[in-house]
Amino acid sequence: MLARANNDVLPHEAALKARDDEPLEEERRVAYVAFSRAQDAMVVTYADVDEDRRRLEPSCFLDALPARVRHKVHVEDAADYAADVPPRPAKAPRLAS
C-alpha cells in the first residue's frame, strides 16, 4: 500500500521546487521502487482535498502506471467508506505464545 500519493508528498514539495532535476529524479526512482515491488496487488491512495478543503493533485508519477492496472475508486465521505468496514473488536485478542 502506498498512501497519500499526492504532489507535494510524492514527489515532495522541495523536489518540485528545486532548481535542477536531480531531486525530482530521485523521487521518481523512489516511486518506481514502490510501484515495482508489488507482487500481487498494490493499493495507492491520494486525496482530492485537504483538511481545509484546498484542492490537491494526485502524484504526477501515477501517470507512469499503465491504464490497464489502474482502477479508480472515489470515496465522497469517510463515513460512507467506514460503513463498509467492519468495526474493530473492543479489545484486541491475545496472541498465543
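What net charge do the residues around SER36 carry, taking every other residue with its C-beta under 14 Å from that of SER36, with Lys and Arg at +1 and Asp and Glu at -1? Each step should come with its number before you reach the end.
Details: positive: ARG28, ARG29, ARG37; negative: ASP40.
Around SER36, the surrounding residues sum to +2.
Once you list every other residue whose beta carbon is under 10 Å from the beta carbon of ALA14, what net charge do they have if Lys and Arg are +1 and Asp and Glu are -1?
For residues surrounding ALA14, the net value is -2.
Where a number appears in this text, it was derived from the coordinates with a stated rule and is not lab data. Owing to the predicted nature of the structure, the values given are computational and were not obtained by experimental measurement. Counting neighbours? That spans all protein chains shown, and the Cβs are built from the backbone with ideal geometry, glycine included.
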